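Q: Okay, here's the structure, questions in a sec.
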Amino acid sequence: MTKNDPILCVKNLRTELALSSGAIEVVRGVSFSVNKGETLGIVGESGSGKSMTALSIMRVLPRPIGRIAGGSIRLDGRDLVQLTESEMTRIRGREIGMILQDPHTSLNPVYTIGNQVIEALQINQQRGGLLEKAISLLKKVNVADAARRVHAFPHQMSGGMKQRVVGAISIAGAPKVIIADEPTTALDVTIQLQYLELLEQIQQETGTAIVFITHDLGIVARLCHRLVVMYAGRIVEEGTVDDVFNAPSHPYTVALLNSVPHVDRKVDRLYAIKGNPPALHEIGTGCSFAPRCPLADTRCKTVSPPTVPGKNHGQGHFAACWKTGEMA
Amino acid sequence: MSRRALRRLPLVPILLLFLVLIIPAFLATWIAPHDPYISNLRARLQPPVGFGGSWDYPLGTDRLGRCMLSRILHGAKYALGISMVGIAIGAILGTALGLISGYLRGWVDVIIMRLVDITFALPSILLALALAAISGPSLGLVVLVVVFVIWGFFARQVRAETLSLRERDFVARARVAGASGGRIVLRYILPNIMNTIIVLATLQIGVVIILEATLSFLGIGIPRPAPAWGLLVADGRQLIVSNWWISLFPGLAILLTVLSVNLIGDWLRDWLDPKLRQA
């Protein structure tokens, strides 16, 4: 197999949450794929459906209100949507790992970290010399003094160290894909960079694919090969990092990039997108960004936009917009 | 245990508990001055020391001339045994059902919680009376009633904590790391509610001892001639005006045991609660 084989392929994924006010679609037909050894960024603001997409892939949507309403999630050819819960339990950790946002609450407070890394190894059917294996895993994620730290409890460690331990747990099963849901948001800026370097290092060593969910465009530029931009449960733009950053082809992406502060540009007021993301139960037929979009016309507000090639016609660069052609 | 917590240790209740319940329960055979079952008809209704009695029978004797002190010391076995066995079974049953209820939710949850409501609504004394009418009073019956009365407290509390724990990040992390439902319940939820279970069990000891005494007093608990405390109190009921000591001393044993157990339970709850421990 070459590097360009898609390992994870999400097609037309639809996810619903059944609220007391009725079911709302939080993921509305999302399709993307990740190749082996590739890092895909999923960018979007809060409520854009990026975390729900991740939870759908792991099949750990909030019970009992969340459910996958349609589409397919193919991991190495197998459709995860069709699997039973017990089959899915065997997939989690072994084939797809996940790193959650807050390291401070991601570890069980009553066990030592060694105990928890060993548990992850046991889940993945490893036997014998588990303590040594746990220590070497902790060394792999750059936990200093691993042989001693293995006996420490989570509350005795810093956030950055805990997130490394969570990383060690998620690579214990040598998964083909790791989904990282804002893993650096709760960390100090200096630790963030170290952690991103660690993820890159793990990827180089194991060839695992990474799906990196974030709202930090700086991290995307630093870490990812390709990215998808999500808005209101849909993908509005997809492409390589170079294409999307140099030739953003959806007004929302343009606005996002304009909202990033630059050290070398002096501005009085930082750019902000007017208005709020739409509440998901009041989305109409047209483009969901239309109410906030400076280019929107009547067609945008009534007819769902087509998927068109990006402005510079880069390979695999697409935007869901009526106005891409008109953008300067 | 920090030095500070040690200083706050409820020493008097612990001492009392050992004196009244734990030491007698294990050592009654050796420390009791008389056999609790052998009557001495020449020494019937002897008053205790200080009220005209002698050191032969420090707490006096009952209608059949049996040594009250020996009977109370031997009675501790029943109080301790029944509360330990009853609470152990009730706690295990209640915890298991509470974990299932809180983790699985849905219709399983509804059924288990309605069962709890039913056991709380059903008067336990009435149930004991009915059961005793069918099978006759026995030790097993008392344990059964105890389990029936207390399992619901455990189930409800454990379910509530499970509901909150199952939404915690480390449980979510365990799920995405491939942990099965059973593993999550046993390794991630149960150890984190152990504190609650221990405190609850301690606080139930008082309830159970009172319940056992009540059942015995009513004659549907431990069968005679066993010297259970409730039975001893019942024995002295008709003579309470003239021979008050027959009821008073077993009653005092019940009172001191329940009081000290509750004080220890309160301290344990404070000590195990990390929020209060910081203060």
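The values are calculated or read from the model by the stated rules, or taken from the named source; none is laboratory data. Given the structure is predicted, the values throughout are model-derived calculations rather than measurements. Counting neighbours? That spans all protein chains shown, and the Cβs are built from the backbone with ideal geometry, glycine included. We work out accessible area using only protein heavy atoms, side chains counted, and drop any ligands, DNA or RNA first. Shrake-Rupley method; radii C 1.70, N 1.55, O 1.52, S 1.80 Å.
Q: How many of the residues in the stretch A:106-126 are open to solvent by 50 Å² or more (accessible area, probe 1.4 Å) and facing another protein chain (nearest Cβ under 9 Å)? Give the derivation first.
A: Step one: list which residues in the stretch A:106-126 are open to solvent by 50 Å² or more (accessible area, probe 1.4 Å), which gives A:109-110, A:115, A:122, A:125-126.
Of the ones still in play, those that are also facing another protein chain (nearest Cβ under 9 Å) are A:109-110.
Final tally of qualifying residues: 2.
Q: Only residues that are open to solvent by less than 50 Å² (accessible area, probe 1.4 Å) and more than 21 Å from the chain's Cα centre (by Cα): list them for the stretch B:107-129, please.
A: Going residue by residue through the stretch B:107-129, those that are open to solvent by less than 50 Å² (accessible area, probe 1.4 Å) are B:108-109, B:112-113, B:116, B:119, B:124, B:127-128.
Result: B:108, B:109, B:112, B:113.
Q: Limited to the stretch A:90-120, what total is found for residues that are assigned to a strand (DSSP E or B) and farther than 21 Å from residue A:210 by Cα?
A: 0
Q: Tell me, please, whether a residue that is facing chain B (nearest Cβ under 8 Å), assigned to a loop (DSSP other than H, G, I, E, B) and more than 23 Å from the chain's Cα centre (by Cα) can be found in the stretch A:72-89. Talk me through it step by step, then tell me what you get.
A: Keep residues of the stretch A:72-89 that are facing chain B (nearest Cβ under 8 Å), which gives A:86, A:89.
Imposing the further condition that a residue be assigned to a loop (DSSP other than H, G, I, E, B) reduces the set to none.
No, the stretch A:72-89 contains no residue that is facing chain B (nearest Cβ under 8 Å), assigned to a loop (DSSP other than H, G, I, E, B) and more than 23 Å from the chain's Cα centre (by Cα).
Q: Then there's this: In the stretch A:127-147, what residues are outside any helix (DSSP H, G or I) and either open to solvent by 20 Å² or more (accessible area, probe 1.4 Å) or within 14 Å of another protein chain (Cβ to nearest Cβ) (or both)? Spell out how you get there, then give the answer.
A: Initially, the stretch A:127-147 is screened for residues outside any helix (DSSP H, G or I), giving A:127-129, A:141-145.
Residues satisfying the conditions are A:127, A:128, A:129, A:142, A:144, A:145.
Q: Since residue B:241 meets every condition but one in (1) in a loop (DSSP other than H, G, I, E, B); (2) under 14 Å from the mean Cα position of the chain (by Cα), which condition does it not meet?
A: With respect to (1) in a loop (DSSP other than H, G, I, E, B); (2) under 14 Å from the mean Cα position of the chain (by Cα), residue B:241 is out only on (2).
Q: Could you tell me whether residue B:104 is more than 20 Å from the chain's Cα centre (by Cα), farther than 30 Å from residue B:26 by Cβ and at pLDDT 95 or above? Before the answer, list the steps.
A: Numbers: more than 20 Å from the chain's Cα centre (by Cα): yes; farther than 30 Å from residue B:26 by Cβ: yes; at pLDDT 95 or above: no.
Taking the combined requirement at face value, the residue does not satisfy it.
Q: So, in the stretch B:16-55, exactly how many residues are over 28 Å from residue B:258 (Cβ atoms), surrounded by 13 or more Cβ atoms within 10 Å (Cβ to Cβ) and either of a type in the set (Lys, Arg) or more than 32 Å from the chain's Cα centre (by Cα) (or both)?
A: 3
Q: Considering only the stretch A:188-198, I want to know if a residue exists there that is open to solvent by less than 30 Å² (accessible area, probe 1.4 Å) and within 30 Å of residue A:282 (Cα to Cα).
A: Within the stretch A:188-198, not a single residue is open to solvent by less than 30 Å² (accessible area, probe 1.4 Å) and within 30 Å of residue A:282 (Cα to Cα).
Q: Separate question: Give me the residue from the stretch B:225-235 that is surrounded by fewer than 22 Cβ atoms within 10 Å (Cβ to Cβ) and outside any helix (DSSP H, G or I) and, out of that set, nearest to the other protein chains (Cβ to nearest Cβ).
A: As a first pass, look at the stretch B:225-235 and keep what is surrounded by fewer than 22 Cβ atoms within 10 Å (Cβ to Cβ): B:225-226, B:234.
Still in the running and outside any helix (DSSP H, G or I): B:225-226.
Values: B:225: 48, B:226: 42 Å.
The selected residue is B:226.
Q: Within the stretch A:18-44, can you find the residues that are out of contact with any Leu (no Cβ under 8 Å at 6 or more places or on another chain) and under 18 Å from residue A:282 (Cβ atoms)?
A: Taking the stretch A:18-44 as the starting set, the residues that turn out to be out of contact with any Leu (no Cβ under 8 Å at 6 or more places or on another chain) are A:18-22, A:28, A:35-38, A:44.
Passing the criteria: A:18, A:19, A:20, A:21, A:22, A:28.
Q: Among A:65, A:91, A:118, which is the only one that is of a type in the set (Val, Ile, Thr) and modelled with pLDDT under 90?
A: A:65
Q: A follow-up question, please. When the stretch A:52-87 is examined, which residues are found to be touching a helix residue (DSSP H, G or I) at 6+ places or on another chain (Cβ under 8 Å) and closer than 28 Å to residue B:102 by Cβ?
A: Those that are touching a helix residue (DSSP H, G or I) at 6+ places or on another chain (Cβ under 8 Å) and closer than 28 Å to residue B:102 by Cβ: A:57, A:58, A:59, A:60, A:61, A:62, A:64, A:66, A:68, A:80, A:83.
Q: (1) free of Cβ contacts under 8 Å to residues at least 12 places away in the same chain; (2) over 22 Å from the mean Cα position of the chain (by Cα): which one isn't true of residue A:279, the others all being true?
A: (2)
Residue by residue, here is whether (1) without any contact (Cβ under 8 Å) to a residue 40 or more places away in the chain; (2) in contact with an Asp or Glu (Cβ under 6 Å, 6 or more places away or on another chain); (3) within 14 Å of chain A (Cβ to nearest Cβ) holds:
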position: B:176; (1), (2), (3): yes, no, yes
position: B:181; (1), (2), (3): no, no, yes
position: B:191; (1), (2), (3): yes, no, yes
position: B:208; (1), (2), (3): no, no, no
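Q: A further question follows. Which condition breaks for residue B:82 when tested against (1) open to solvent by less than 30 Å² (accessible area, probe 1.4 Å); (2) part of a loop (DSSP other than H, G, I, E, B)?
A: With respect to (1) open to solvent by less than 30 Å² (accessible area, probe 1.4 Å); (2) part of a loop (DSSP other than H, G, I, E, B), residue B:82 is out only on (2).
Q: Now, a different point. Determine whether residue B:105 is farther than 30 Å from residue B:264 by Cβ, of a type outside the set (Phe, Trp, Tyr) and touching a residue at least 60 places away in the same chain (Cβ under 8 Å). Spell out how you get there, then give the answer.
A: On the way: farther than 30 Å from residue B:264 by Cβ: yes; of a type outside the set (Phe, Trp, Tyr): yes; touching a residue at least 60 places away in the same chain (Cβ under 8 Å): no.
It is false that residue B:105 is farther than 30 Å from residue B:264 by Cβ, of a type outside the set (Phe, Trp, Tyr) and touching a residue at least 60 places away in the same chain (Cβ under 8 Å).
Q: Quick one: residue A:99 ticks every box in (1) more than 10 Å from chain B (Cβ to nearest Cβ); (2) open to solvent by less than 10 Å² (accessible area, probe 1.4 Å); (3) not hydroxyl-bearing (Ser, Thr, Tyr) except a single one, so which number is it?
A: Every listed condition holds for residue A:99 apart from (1).
Q: Does the stretch A:274-307 hold any residues that are β-branched (Val, Ile, Thr), surrounded by 12 or more Cβ atoms within 10 Å (Cβ to Cβ) and closer than 17 Å to residue A:233 by Cβ, and which are they? So that I can check it myself, show each step before the final result.
A: So in the stretch A:274-307, the residues β-branched (Val, Ile, Thr) come out as A:283, A:285, A:298, A:302-303, A:307.
Imposing the further condition that a residue be surrounded by 12 or more Cβ atoms within 10 Å (Cβ to Cβ) reduces the set to A:283, A:302-303, A:307.
Those that are β-branched (Val, Ile, Thr), surrounded by 12 or more Cβ atoms within 10 Å (Cβ to Cβ) and closer than 17 Å to residue A:233 by Cβ: A:283, A:307.
Q: Turning to a different aspect of this structure: If you check A:209, A:272, A:255, A:247, which single one turns out to be within 20 Å of the chain's Cα centre (by Cα) and of a type in the set (A, V, I, L, M, F, W, C)?
A: Answer to the selection: A:209.
Q: With respect to residue B:94, is the statement that it is within 30 Å of residue B:114 (Cα to Cα) and crowded, with 17+ Cβ neighbours inside 10 Å true?
A: Details: within 30 Å of residue B:114 (Cα to Cα): yes; crowded, with 17+ Cβ neighbours inside 10 Å: yes.
Yes; evaluated as a whole, the condition is true for this residue.
Q: May I pose another question? Looking only at the stretch B:161-174, count how many residues are of a type in the set (Gly, Ala, Ser), open to solvent by less than 50 Å² (accessible area, probe 1.4 Å) and either more than 7 Å from chain A (Cβ to nearest Cβ) or in contact with a helix residue (DSSP H, G or I) (Cβ under 7 Å, 6 or more places away or on another chain) (or both). Break it down into steps so the answer makes sense when it comes.
A: Looking only at the stretch B:161-174, we keep the residues that are of a type in the set (Gly, Ala, Ser), and these are B:164, B:172, B:174.
Subsequent filtering for residues that are open to solvent by less than 50 Å² (accessible area, probe 1.4 Å) retains B:172, B:174.
If we keep only those that are either more than 7 Å from chain A (Cβ to nearest Cβ) or in contact with a helix residue (DSSP H, G or I) (Cβ under 7 Å, 6 or more places away or on another chain) (or both) too, we end up with B:174.
So the count comes out to 1.
Q: Please give the number of the condition residue A:92 fails out of (1) within 14 Å of chain B (Cβ to nearest Cβ); (2) open to solvent by 10 Å² or more (accessible area, probe 1.4 Å).
A: (2)
Q: Which of the following residues is over 20 Å from residue B:233 (Cβ atoms) and of a type in the set (Val, Ile, Thr): B:38, B:82, B:72?
A: Details: B:82 fails: over 20 Å from residue B:233 (Cβ atoms); B:72 fails: over 20 Å from residue B:233 (Cβ atoms).
Testing whether each residue is over 20 Å from residue B:233 (Cβ atoms) and of a type in the set (Val, Ile, Thr) leaves just B:38.
Q: Determine, yes or no, whether residue B:180 is over 21 Å from the mean Cα position of the chain (by Cα), within 30 Å of residue A:57 (Cα to Cα) and of a type in the set (Ser, Thr, Tyr). Let's see the steps before the verdict.
A: On the way: over 21 Å from the mean Cα position of the chain (by Cα): yes; within 30 Å of residue A:57 (Cα to Cα): yes; of a type in the set (Ser, Thr, Tyr): yes.
Judged against the criteria, residue B:180 is a match.
Q: Let me ask something else. Kindly indicate which of B:220, B:184 is touching a helix residue (DSSP H, G or I) at 6+ places or on another chain (Cβ under 7 Å), surrounded by 22 or more Cβ atoms within 10 Å (Cβ to Cβ) and not small (Gly, Ala, Ser).
A: Details: B:184 fails: surrounded by 22 or more Cβ atoms within 10 Å (Cβ to Cβ).
Just a single option satisfies the conditions, and that option is B:220.
Q: Moving on to the next point. Collect the residues in the stretch A:268-323 that are assigned to a helix (DSSP H, G or I), modelled with pLDDT under 85 and of a type in the set (A, V, I, L, M), keeping them in residue-number order.
A: Initial filter on the stretch A:268-323 (assigned to a helix (DSSP H, G or I)): A:280-282, A:290-292, A:298-302.
Now narrow it down to the ones that are modelled with pLDDT under 85: A:280-282.
Result: A:280, single match.
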